[in-house]
Structure formats: structure tokens, C-alpha cells
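Below: one structure, written as C-alpha cells.
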């Protein structure tokens, strides 16, 4: 009998608040170490936390988006453990009374099947700082800029049965939080991190012993790590061994995982309600006011793309699931006036370039306005699709707008039939041998022989001749010679 | 003016003297600094004396007063318990762990006094991290009780209490987690008030047990405590447990008659364990109040016996987490040449904390551990609710509750050192009010063997004005608070 994989996810999403969850320090990514750490972030004695209302709003937005219960009373607790990048030696988090109760999201798999994944709860907590182990000659440096950044931790039920489902679920959460604008979704900066709980069993049996692989920060790593761990567990059991409950770390560079600590070595976190923070009571009116201002969610947006732009369901999903992608597409489509062509360029050339440069759409070197400028020149016949690639390259590498690149590089398509006729005449005049071959060839073979003449004409026009016109005129002239 | 009179003045008298131009803030500050220098060798009530900054503050205060419109408190010298963070001045909390710690910020309480123009003479000694009832746990050595230097001043605010009793400050800030203002006030024969939880900001006040800690004033009289509380109390957006409620002028009701006042006398506060001399002094005080028109009502606070055990679960539990930040990573003590992270943590904390602090961290961590949480921490929280309900029920019937502050007067050094539980019972009458979040105060009401006895007044939530009124009326009719220990004169004055 086949093995069944059981997967549950714990997802940490950094909330896009301006300041930290309990202090006024900035949360901007990438500042010099410890320049965004106040006395509170350093856990100086006597400092006290004050909750950031925006973090609550964002968590409630998430709760509403997954159709969850919002707790009318939520409580912060202290999770105690010593680590140098955890300044208070406890993390302020929620345990017994999280802000977001049970909810669910729907995922769609490649074959079009849909599945509901239940969410156990989501809670607010603070992020830790970072330990820097390089450049300190046998010591470690501590950077507390990240300490106190608000996180929402989303805990799923063990409802996923394959790495594909797990990745689809992770992508769906990414799409929801970015659409809500509560998280920037920058995985490479650690804005979203995934812990994956994995076990295997024979269908119908009790759940197997699970392991947790922590801190995966890309969909690809997540997929690879799950496959690796499932394989490890199955091999282990089939060889007569037993899976032990442990926390594992996956290295995306070496594609290997190792055990970090077993259950026996796990900390006793000694949770208890934080006496510095009173329980937060949220009233119905407050929740309703947030519900009214909820931005468009990915599922609704994809539906709209199908009806409003006539996109296929596949295209609507590709362009509509990510909020930044959707914004890019809609801006470019509006500017260019050609929805279908815009969609094709985004999903084709642009996506391929972004992928190979490992960039998200938000950091695309090519803005939606630039792309739209190029698309509209294709649409109005100024440039050919082939020329457009040159324009695209120019904009990608050096910036600028399509019109000036077309102008500077002389890429304008020649659609003047007189000029094209002259070029055709000249090529024919200089190609006696090829014209003879054409004339003597069997009629069925003639279309294939056109290639030579087209090539010569395009060469003569430096690629600028309108290919459709070239074809038409050439055919007419050659036929006249028969 | 005669120097020897200056240090006998209450804060109210100092304010009057400054207003009348009888003396300047610089003069009285210099006078106190001189006294501290000469006399505090005997009492050890200060950890740090701010000679330079105090004189600068006094000069500024005199200038401000000269310009007019100065706040009442402008130029009055006080001391801060070394648990309140002071910008640029070492704040040790009585611990080796923070012996080198200079905060880059002021506690809100410190800021409030600075805004009012107060002069800060220095930082007073205390039990390490406010854990103790005798001041014997301070890294800086014990404070001596000015009434008898062989006895303890009480704790944890023993430095503030002794400094006032020895006339080394007219008033001082203090904190009270289980009795740390009231018990040393009683043992040193001064007046001290622990306000309602949330009335005084905890920001910048180094946490012992966050849900119990509350700052408050200590001085020789109830009127002085009212003047200090006017400055100390404030709503502070930086403290999420601070309560947004208007701060009244606590001096307004001081002179109201006590006619018709209903005083609850809890039976449980007069049972075994109470020193007979203490009991008599308290009963005499109650008789005096009866004479002024108050009615004594016998009440019961049935869960009194559970207060000490519940407190010694909750307070250490919170402390175990609050004190975890002292890990040697960012500030404070760090052991020499740690060989790895674990070694650094273990030696730093083993060296930096004293015995009592370690005991409470261990107790607290144990109570919160998996498998023990329900039996200890959760149960203690349930008891806490019952204790609070006792008081809520009692205040349906009475205006204030009174009894002894402490079961007996000051004891000798070392006499309870081997028995932590005997020490914990020192706070048997004070702890319940912290668990309930109620305000409580202690005022001098007599002597046993020439050792002061304190009368405890417990008020309803935010009823500090009434408590101060009761204490003030009592002090108008008695002179216990006016008595001073011997040996307070400077060498040259003799």
C-alpha cells in the first residue's frame, strides 16, 4: 500500500507596520545593525511595551480574509527561553487566547481541483533579532533591528497531503497577505517564513510521528525540503526504524537537512500571561469597520479579471493572485490599451526575465508604464514583436521609455509600401539565380523558397520593414515574374 | 537660619520656607548633602549621592522660583529609590548585576519630579531587585534602622525609609510589591503610601513583579505624602497598565472631619503572630479615631491566610521572567572570559544575583514549569481573585480598613536570615492589598521598646484622598510622626 503524507504549516508573516509591535522603532529592512533598536528593543530595565494598534488591525484583516472568528478578548503571553538575539529572554506571543480563531482558505492545484485547508488559528507575536556569526573572530554579533517586528503566525491544520498542496497553500497565504497589504511578502528578506510539520502513514491509520522543518523562506526550498523529508521518513520506516519527533533544518544550498534538536531537548517555555500587557478587548463595531475597508481579495480579483478583461482562468490566476503582479498588470493594461498583448508580455518575457534575475514583480527594473509604452507601439504597428524584444532589452538594461529607444536605435517599422517595393525590386534584381530557382521549382516548394528573399529584404531594411507587407509585395512581384 | 532646624522641616514647611524666601533651595540642598556625607556612614541609606547634579538642580530651581510661577515642589530636595531609572546616573536596583548600569532615560516618576522642579539628593539603598523585607539582600550592604542600628529598617524600600527617619531627606520615592513601602515605613516610624495599581507609572521602574509593583511616596507626614503623590501620580501612555483617570489634588480633603467614617477592622489581622505591643498601639490609634467620630466595624477577610502563599507563587513567577533579561549580553554584569554562551549565561547570573533573588527565580520558574503551572500559577491566580473579592465585599460596608502594618516592630539583623518563610510572614498584612491592586498606607502610631509601630490604612480603589485625610487627621491629634531617633545631629552642631 502507498504511503500518505500529512503536512501542516506554521507561517510567520511580518506585518507591514511602520513601527514595531511594542515600541516606536522603525521596522524598515536593511538598516545598519542596531540603529533601529530603542531602549525597549534592547530590553533595558524598566522599559514597558505598548501595543501597536495597526498590528491588531492587520491581524484582524487577515482573520476576516480567511473567514475566521476574531477573538473579542486576546491575551499576550511570555514564552521564556534564553538566546542572545531575544533581548528580554522571553518572546511576547499569544497562546491560549490568540486574536484569530479557526478559519479556512481554498487552494487550487495544477489539475484544477480545489481543496479547503483549515487554519487552526493565527496569533500576533514579536520577531527576534539576528545573530551574526561572521566577521567577529570567534564571537557573535547581535543585531536587534528586527527584534520586536510584528509577526502574525498562521497555524494550519494538518490538511495537506503533498508538497504540491503545501506550496499551493503557502502561495495562497502569500497572495492573501500581500493583497491585504499587511505584509510585503518579500521572502528573500524573511518577510514570510515557513515551518513545515511532516509525517507519513498508511491511509486510514493514525497520524505518524511528525518532524518540523523550520524557517524555509522560498517556495522552492519548501517543496524540496518536504520531498526530502518524506523520502527520509518512508525509508526509515521501511527499513524498520522509527521517526522521532524533532526539529530539523534544511539548507537550500546543499539541499540537505539535519536534526536541530529532539523533543527531549526541547525547551519548557513556561508560558504565562504577560503582566505588562492587559487583555485586549475588541468590539464588534471595530471589526465591522475593518471589514468595510477590506481590500479586494485574490479569489475575487481573479474572477474580476476573467469578466472584466476576458482573461482565461489560467491567465487570471497568473496575473491576479499576487497583489503586486495584479497592480502591475492593471496599470500596464490600462496604459497600453491592449489587455491581451499586455498579459502575454508580462507572463512571457517579463516573468522569464524576473525569474532568471531572481526578482519579484515589485522590484522589476521595468515599470508597468514602460512596458505599456512598448506594448502600445506594438499594437499600433510602429514596431514588430521582434523589434519589441530589442526595445524591451534596452529598457531592462538602461531604462528609458520605448519611444526614445525606438527613435534612438531607429527601430521604427517601415510600412511605406513604396519604400518596401523598392527594396523588393532591388533584392530581386540582385538574385538572378534564386529567382531562376523559384521560377523552375515545383509550385508546392515555392513558399519555402520565399525565406531567402524575406531575409535579404529585412537585412536591407535593417529589420525595420513591416514583415507582413514584405511578404505580400514579394509574393506579388515574384508571381509577376512567372 | 539655623541649620539644625532646616532638616526637621516637613516638605510642606520647606515649600512654605522657599516661598517665603526664608532659605533657598541651594541652602537646604547643601545642608542635606552635608548631613548625608557625615551621617549616612552610620545608616547606609544611600547607594549614590548626586552632589553635583543636586546643586545644579537647586540653582535652577531657585532661578525658576525667582521668576515666579514655579510649581509648588520647585526646589524641594528628595531622594529616589535606586529602582527608578535616572538618566545618566547609575541605577543599580541594589544588585551587583546592575552595579555598572547607567540608564539613558528617566523613569516617568523621575521625570514628573524633574518637571516639578524637585532636587534629587541621591539614590537610596534597597533589597536587591526589591526582594526582601529587611534590606539585608542589598549588594551595597544592609541599611541600619535609625531608631536602633542593630535592627533592620524593613524592606525593600529600607533606604528611603531610613533616610527620612534620619532626616537625610524630607521625602523619598519608593515601591511596594508586597509591602515594600508600608513595612519599612512602619519599622522606621515614618509615613508611606502605596497607591492603587495603575495610579503611578511603572515606566522606568525596574520590574520585580509587574502585576503587583507600584511606586509611591514616603515622608514624615501624610500631608507630605499627599504633596508628593500630586507630583508622582499621572496617566502614562508608556505604561499599558497605567490608568487614564484624572489625578486629584490629594491635599484638598486632608482637613475633612472623620465624623461618620466607617473603619473596617479585619478579625484576621488580629490573630496569632501579632506582637502584643504592636496590637496595643494599633488599638490605641483606633480608639483615637473613634474619638474623632469614626465607627469601628468588625469585618472578615476570609482568604487572608492564602495571601502569602499566593503571592509567593505569583511574584516569583513574574520575577523569573522579568529578571531573565539580565543575561550579560547587552548591559550590566558579564562574567570574565566566558568559554561559550552557556558558560556566559550561567556564570553571569550566578555572580550577578544574590541568594534571595536566585531563590525567587528558581521558585518562579518551577511554578511556571510544564506540569506544575495548573497546581501553582493558575491556582494562585484563582486565590488572587478570591482575595480581591474579600475586599470588594468589605468595601460595601466600610470606607477604609485598618490594622497593623507589620506583625512586630523592627527585628535584629540576621534574626530571620536562615528562615525565608519567617521573613515572608513580615508582609502578612500588606501582601493582600497588592494582590487586590488596592491602595494602602502606613502611619506611625506608637512604640514598642522604643521601636516604631505602624498603623495600616487600606482604602478602596483610587481612594487615596480619603486615606490621606484619615492619616492627616490622626497626625493632627497625635505626635508619633514627630518623634525622631537620637543621634541625628551633625558633629559641629553638637
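Under the condition of being more than 14 Å from every other protein chain (Cβ to nearest Cβ) and out of contact with any helix residue (DSSP H, G or I) (no Cβ under 8 Å at 6 or more places or on another chain), which residue from the stretch A:275-285 is farthest from residue A:101 (Cα to Cα)? So the residue we want is A:285. Could you tell me whether the stretch B:153-172 includes any residue that is touching a residue at least 40 places away in the same chain (Cβ under 8 Å) and either over 28 Å from residue B:12 (Cβ atoms) or within 14 Å of another protein chain (Cβ to nearest Cβ) (or both)? No, the stretch B:153-172 contains no residue that is touching a residue at least 40 places away in the same chain (Cβ under 8 Å) and either over 28 Å from residue B:12 (Cβ atoms) or within 14 Å of another protein chain (Cβ to nearest Cβ) (or both). The condition of being closer than 16 Å to residue B:476 by Cβ and either surrounded by 17 or more Cβ atoms within 10 Å (Cβ to Cβ) or in contact with a strand residue (DSSP E or B) (Cβ under 9 Å, 6 or more places away or on another chain) (or both) holds for only one of B:258, B:296, that being B:258.
The helices (runs of 4 or more DSSP H) found entirely in the stretch A:268-373 that carry 2 or more residues being within 24 Å of the chain's Cα centre (by Cα) are A:298-309, A:313-320, A:323-336, A:339-345, A:351-356.
Suppose we filter A:184, A:235, A:224 for residues that are surrounded by fewer than 23 Cβ atoms within 10 Å (Cβ to Cβ), assigned by TED's automatic domain parsing to the domain that holds residue A:58 and closer than 27 Å to residue A:63 by Cβ; which single one remains? Show your work before the answer.
Working: A:235 fails: closer than 27 Å to residue A:63 by Cβ; A:224 fails: closer than 27 Å to residue A:63 by Cβ.
Just one listed residue meets the conditions, A:184.
Taken over the stretch B:162-190, the criterion of being within 20 Å of residue B:5 (Cα to Cα) and surrounded by 24 or more Cβ atoms within 10 Å (Cβ to Cβ) is satisfied by B:162, B:163, B:164, B:165, B:166, B:168, B:169, B:170, B:171, B:172, B:189, B:190. In the set B:422, B:471, only one residue is out of contact with any helix residue (DSSP H, G or I) (no Cβ under 7 Å at 6 or more places or on another chain) and closer than 23 Å to residue B:155 by Cα; that residue is B:422.
Within the option set B:327, B:337, being more than 17 Å from residue B:427 (Cβ to Cβ), within 14 Å of another protein chain (Cβ to nearest Cβ) and surrounded by fewer than 15 Cβ atoms within 10 Å (Cβ to Cβ) holds for one residue only, B:337. Residue count for the stretch A:67-89, restricted to those that are under 32 Å from the mean Cα position of the chain (by Cα), farther than 26 Å from residue A:284 by Cβ and not in a loop (DSSP other than H, G, I, E, B): 1.
Residue B:309 falls short on exactly one of the conditions (1) within 14 Å of chain A (Cβ to nearest Cβ); (2) under 24 Å from residue B:181 (Cα atoms); (3) assigned to a helix (DSSP H, G or I), and that condition is (1). In the stretch B:343-361, which residue that is within 12 Å of another protein chain (Cβ to nearest Cβ) and under 20 Å from residue B:137 (Cβ atoms) is farthest from the chain's Cα centre (by Cα)? Top of the filtered list is B:348.
Quick check: is even one residue across the stretch B:315-322 more than 11 Å from chain A (Cβ to nearest Cβ) and within 22 Å of the chain's Cα centre (by Cα)? Yes, the conditions are met somewhere in the stretch B:315-322. Would a scan of the stretch B:371-389 turn up a residue that is more than 14 Å from chain A (Cβ to nearest Cβ), surrounded by 15 or more Cβ atoms within 10 Å (Cβ to Cβ), out of contact with any strand residue (DSSP E or B) (no Cβ under 9 Å at 6 or more places or on another chain) and closer than 30 Å to residue B:277 by Cβ? Yes, there is a match, as at least one residue in the stretch B:371-389 is more than 14 Å from chain A (Cβ to nearest Cβ), surrounded by 15 or more Cβ atoms within 10 Å (Cβ to Cβ), out of contact with any strand residue (DSSP E or B) (no Cβ under 9 Å at 6 or more places or on another chain) and closer than 30 Å to residue B:277 by Cβ.
Restricting A:381, A:394, A:400 to those that are at pLDDT 85 or above, assigned by TED's automatic domain parsing to the domain that holds residue A:367 and not in a helix (DSSP H, G or I) reduces the list to A:400.
The set of residues from the stretch A:459-473 being touching a residue at least 60 places away in the same chain (Cβ under 8 Å) and not in a helix (DSSP H, G or I) comprises A:463, A:464, A:466.
Anything in the stretch B:49-101 that is within 11 Å of chain A (Cβ to nearest Cβ), assigned to a loop (DSSP other than H, G, I, E, B) and free of Cβ contacts under 8 Å to residues at least 40 places away in the same chain? List them, or say none. The one that is within 11 Å of chain A (Cβ to nearest Cβ), assigned to a loop (DSSP other than H, G, I, E, B) and free of Cβ contacts under 8 Å to residues at least 40 places away in the same chain: B:87.
Consider the stretch A:126-143 and keep the residues that are touching a residue at least 60 places away in the same chain (Cβ under 8 Å) and either surrounded by 24 or more Cβ atoms within 10 Å (Cβ to Cβ) or more than 14 Å from residue A:33 (Cα to Cα) (or both). The one that is farthest from the chain's Cα centre (by Cα) is A:126. Just one residue in the set B:309, B:302, B:276 is under 18 Å from residue B:392 (Cβ atoms) and out of contact with any strand residue (DSSP E or B) (no Cβ under 8 Å at 6 or more places or on another chain); that residue is B:302.
Per-residue answers, yes or no, for (1) at pLDDT 95 or above; (2) under 23 Å from residue A:192 (Cα atoms):
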position: A:220; (1), (2): no, yes
position: A:225; (1), (2): yes, yes
position: A:246; (1), (2): no, yes
position: A:251; (1), (2): no, yes
position: A:270; (1), (2): yes, no
position: A:279; (1), (2): yes, no
position: A:282; (1), (2): yes, no
position: A:286; (1), (2): yes, no
position: A:292; (1), (2): yes, no
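Using the structure shown, decide if residue A:117 is in a strand (DSSP E or B), free of Cβ contacts under 8 Å to residues at least 60 places away in the same chain and touching a helix residue (DSSP H, G or I) at 6+ places or on another chain (Cβ under 6 Å). The answer is yes for residue A:117.
The rows are residues; the columns are (1) away from chain B (no Cβ under 14 Å); (2) surrounded by fewer than 22 Cβ atoms within 10 Å (Cβ to Cβ).
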{"position": "A:17", "(1), (2)": "yes, yes"}
{"position": "A:26", "(1), (2)": "yes, yes"}
{"position": "A:41", "(1), (2)": "no, no"}
{"position": "A:59", "(1), (2)": "yes, no"}
{"position": "A:78", "(1), (2)": "no, no"}
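When you check residue A:92 against the structure, is it within 14 Å of another protein chain (Cβ to nearest Cβ) and crowded, with 20+ Cβ neighbours inside 10 Å, yes or no? For residue A:92, the condition - within 14 Å of another protein chain (Cβ to nearest Cβ) and crowded, with 20+ Cβ neighbours inside 10 Å - is met.
Residues are listed down the side, and each one gets a yes or a no for (1) surrounded by fewer than 20 Cβ atoms within 10 Å (Cβ to Cβ); (2) on the phi > 0 side of the Ramachandran plot:
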position: A:349; (1), (2): yes, no
position: A:360; (1), (2): yes, no
position: A:365; (1), (2): yes, no
position: A:370; (1), (2): no, no
position: A:387; (1), (2): no, no
position: A:390; (1), (2): yes, no
position: A:396; (1), (2): yes, no
position: A:407; (1), (2): yes, no
position: A:410; (1), (2): yes, yes
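Taking the numbered list (1) surrounded by fewer than 23 Cβ atoms within 10 Å (Cβ to Cβ); (2) touching a strand residue (DSSP E or B) at 6+ places or on another chain (Cβ under 9 Å); (3) within 10 Å of chain B (Cβ to nearest Cβ); (4) farther than 26 Å from residue A:292 by Cα in turn, residue A:51 passes all entries but (4).
The values are calculated or read from the model by the stated rules, or taken from the named source; none is laboratory data. Given the structure is predicted, the values throughout are model-derived calculations rather than measurements. Quick reminder, even Gly has a Cβ in these numbers, built from the backbone with ideal geometry, and neighbours come from all protein chains shown.
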